[in-house]
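Contents: one structure, followed by commentary.
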Amino acid sequence: MNGARIIVESLKKEGVDTVFCYTGGAVISIFDELYKHGEGLNLIQPRHEQGGTHAADGYARSTGKTGVVIVTSGPGATNTITGIATAYMDSSPLVVITGQVASTLIGTDAFQESDVTGITLPITKANFLVKNIKDLAVTIKKAFYIAGSGRPGPVVIDIPGDIQRQDFKFNYPDTVDLQSYRPKDSGHPKQIKSAIKLLAASKKPLIISGGGVNLSNATGEMNDFLNKTGIPVVHTLMGTGVNPEDENQFLGFIGMHGTLYGNYAIQNADLIMAVGVRFSDRIIGNPNTFAKNAKLIHIDIDPAEIDKNILTDLPIVGSAKSILREFNNLDLAIDISEWKNELSNYKNNYPLGYEKSELIKPQYIIELAQKYFPENSIIVTDVGQNQIWVAQNYRIKHPRSFLTSGGLGTMGYGLPAAIGAAVGNPDKQVLMFAGDGGFQMNMQELGIIRKYGLKVKMIVLDNNYLGMVRQWQELLFEKRYSGTDMEFNPDFVKLADVFRIKSIFLKDPKEADAVIKELAMSNESMLVHIAIDPDENVLPMVPAGKALDEVLTKL
Amino acid sequence: MTDEVFTDHIVSVLVHNNPGVLSKVTSLVTRRGFNIDGISAGPTRQNDMFRLTIVVKGDDKSLEQIQKQLYKIIDVVKVVPIIRSRMVGREICLIKVKAIGAERHEVLQIINVFKANIVDVGTNGFIVEITGDSDKIDSFLALLESHQITDVARTGIVAMNRWERTFKETGR
Ligand SMILES: Cc1ncc(C[n+]2csc(CCOP(=O)(O)OP(=O)(O)O)c2C)c(N)n1
Ligand SMILES: [Mg+2]
């Protein structure tokens, strides 16, 4: 069969059910084979390849399966770059197949030629240029294996047009063995025992739950561990979903915009066990003062994360799932009631809060959404203030249910990622929050919601500003709001209407309850455009590079 | 981060010789904030494997980072830091030097002292080949400096840890 058919059959062998793809000259043969032999493959065609890539990423994060993207060479491929970089920073598994000019034309500046493996080198876990038809199937096998195993990430396969048209016998390998890639699953038993000892001796232990817990589907094991030991827990932006039975144990989100009590716990703990955390600068603030009283146990599947940003006292390399399981099998008796009291008092004394006003406060909207949307809904955000308000205030209790661009902070992620989540989770509600700025970065994807009969609930928190940057200007640049006003925003209600999506404008706090209820109950997609208090800030805030206890509670 | 001491480090990297592997390795090293001062590459006894010897500048802590990051490249099989005090390191250098008349004799003398080889002779000068550790080559070049050197080509160092610290060329 020809190379294009081999690609399609390989996808089926991988159990792929959805492909996000946009056609063009260099992939037209693949589309033809999808047309003829693509049974079982749901073909989602975005309106822009960036949207398609974020959608595949949202699909991957929410389902745990690898997202598949197929795009044409040149501009098709370069349009995926932001999506690939976003997935790379948050370790989201993607296989991106890019068409390439014929292998005989590579290097000649042919029409729509671009050096895709060169461009994507620093933003992929691995990439391949298939130069020989006999390598095609095995390369696809490798790509899926690498993307989905160990620390997941995006993999690009660049496939020249002539390779797609050559004939070869289809023989899909059952397994691949890569001598130089063997991710480690189980942690070293000795290290685990030492960790238990450290925990047992600790008076003020704290767990940080990171993105690795979601990625290795270890939220259940994490919750069991927390319930068994009673140790308090905080989470990173990517680690959302952890949910101990005792609400006092849960101290929310940490870092630059973390809760006061979460950051307090970090700074006062005597032992921190970080699981699947990469200690980004947004989490640690000043690395020299981060968790200054604590010993650190660092569990991660990627050995390169150990000692990268924060030095560890005890590293354990392996998957969060298998290591937490080991922990749960071992006995650990600790008495930390004093520490727990200290933390729950602090939590009660310094809660998250906001001032009521005549204008709609975004936190109020989040409260209402929480009230009316089912607990297992998938919450998706864009980037900016909207993102952090949701991260702080929406109490998400399930794994893979909070999708946001953490590492790259990609405006325009929200809408397409929500679409991808809706494709992958037809039985769940998907609720997107976006700012007025970021929503416009991929708003063209509104065009496919009706086309594929998807149900996506959308809230545009409109402060008429690029709010997060405006906040920095208020804090650091004496309110010189350069390049952050959003005057002449479109009428988002009309915009949705153009795409035949139900929509409503909300300005009066008194109507908010009914509107958000309607949004939750609606049987079809719906967008609510909300004029919020334009001056509302995200607080608390630890200015960049400061210690987690050098925190501002007002600007 | 400003008052850190940056030193030269040598790492020996065993890689699968797949297309683009060299650019993957160098781009990673550069991306993680290192300067590459030298790099040499050549085949090993296994057909599909190459050994790269890279000289990089950075502090000790980031050297460890580099090793771990290198392992994340799928084609990288083994990374071994070369310990300066226990290594054997060699470089080859070709030098095109002008030597006319009386000068010819002086140049020949320096060449003899260093046990360097003349690999090409012309009416206006020589091409000299010298093998040795980097210091030897540096001092050789310094001595020749008073004559007219028109071209220098250095391979960059290839190095191994001495016997008691060696590694097999297979597996991690
Ligand atoms: C693609 C991209 N461009 C620029 C930025 C820088 N940036 C971060 S937040 C932000 C403002 C976002 O404004 P908006 O979408 O209205 O959300 P808000 O902060 O007002 O909630 C900007 C410009 C970014 N993160 N991503
Ligand atoms: Mg805004």
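The values are calculated or read from the model by the stated rules, or taken from the named source; none is laboratory data. Just so we're clear, the structure is a prediction, and the values are computed from it rather than from any experiment. Virtual Cβ from ideal backbone geometry, glycine too; neighbours counted across all protein chains shown. To get the accessible areas, we keep the full protein, side chains included, count just its heavy atoms, and leave off ligands, DNA and RNA. Shrake-Rupley method; radii C 1.70, N 1.55, O 1.52, S 1.80 Å.
Numbers for the structure displayed
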item: Estimated FRET transfer efficiency (B:Asp135, B:Glu106; beta-carbon r; R0 22 Å; 0.05); result: 0.45
item: Fraction of antiparallel bridges per DSSP, chain A only, in percent to nearest 5; result: 5
item: Extension gain, A:Asp224 back to A:Ala110 (0.36 nm per residue minus Cα-Cα distance, nm); result: 35.3 nm
item: Computed lengthening from A:Arg395 to A:Glu245, 0.36 nm per intervening residue step minus Cα-Cα distance; result: 52.7 nm
item: Angle between chain B longest axis and helix B:134-144 axis [Cα atoms, degrees, rounded to 10]; result: 20
item: Share of pairwise Cα separations in the range A:3-165, more than 28 Å, in percent; result: 9
item: Theoretical FRET efficiency, 1/(1+(r/R0)^6), r = Cβ-Cβ of B:Trp163 and A:Asp185, R0 45 Å, to 0.05; result: 0.80
item: Residue-averaged [θ]222 nm for chain A, counting only DSSP H segments that reach four residues, each worth -39500 (n - 2.57); result: -10500 deg cm²/dmol
item: Share of Cα-Cα pairs in chain A lying beyond 42 Å, as whole percent; result: 22
item: 10 Å Cβ neighbours from other chains, averaged over peptide B:56-69; result: 2
item: Segment A:Leu555-A:Glu39, length gained on full extension (0.36 nm per residue, minus Cα span); result: 180.1 nm
item: Cross-link partners of B:Lys98 among lysines (Cα-Cα below 22 Å; sequence separation of 8 or more within a chain); result: B:Lys115, B:Lys136
item: P(r) histogram, all alpha-carbon pairs of chain B included - 10 Å bins from 0, percent; result: 9, 33, 27, 20, 10, 1
item: When each of A:Lys190/B:Lys61; A:Lys295/B:Lys78; A:Lys12/A:Lys131 is checked by Cα-Cα distance, pairs over 27 Å; result: A:Lys295/B:Lys78
item: Of A:Lys451/A:Lys502; B:Lys24/B:Lys68; A:Lys65/A:Lys502, those spanning more than 21 Å from alpha-carbon to alpha-carbon; result: A:Lys65/A:Lys502
item: A:Asp508 versus A:Asn293: modelled label distance in nm, points set 7 Å from Cα along the beta carbon direction; result: 5.1
item: B:His16, A:His54, A:His188, ranked by accessible area, largest first (probe 1.4 Å); result: A:His188, B:His16, A:His54
item: Residues in the range A:423-463 that a label on A:Glu524 would reach, taking backbone N under 14 Å of a point 7 Å out along Cα→Cβ; result: A:449-457
item: On Cα atoms only, tilt of B:60-71 relative to the major axis of chain B in degrees; result: 70
item: C-alpha long axis of helix B:102-113 to longest principal axis of chain B, angle in °; result: 40
item: Counting DSSP beta bridges with both ends in the range A:362-531, the antiparallel % (nearest 5); result: 5
item: Long pairs among A:Lys13/A:Lys184; A:Lys361/A:Lys507; A:Lys142/A:Lys184; A:Lys125/A:Lys546; A:Lys361/A:Lys510, criterion Cα-Cα beyond 21 Å; result: A:Lys13/A:Lys184; A:Lys125/A:Lys546
item: Accessible area of A:Ser401 in the full protein assembly, 1.4 Å probe (Å², nearest 10); result: 0
item: Relative contact order (%) - criterion: Cα under 8 Å, at least six apart; region: chain B; result: 26
item: Solvent-accessible area of B:Asp60 with every protein chain in place, 1.4 Å probe, in Å² to the nearest 10; result: 110
item: Sequence of A:Arg400, A:Arg278, A:Arg47, A:Arg325 from largest to smallest accessible area, 1.4 Å probe; result: A:Arg325, A:Arg47, A:Arg278, A:Arg400
item: Separation of the A:Asn329 and B:Val119 label points, Cα + 7 Å toward Cβ, nm; result: 6.0
item: Heavy-atom SASA rank of B:Trp163, A:Trp472 (probe 1.4 Å, accessible area, largest first); result: B:Trp163, A:Trp472
item: Rg/Rh (Cα only; Kirkwood hydrodynamic radius) as it applies to the range B:88-159; result: 0.96
item: Rough spin-label spacing in nm, given labels placed 7 Å along Cα→Cβ, for A:Lys134 and A:Asp485; result: 6.7
item: Nearest-10 value in Å² for the accessible area of A:Leu495, using the 1.4 Å probe; result: 30
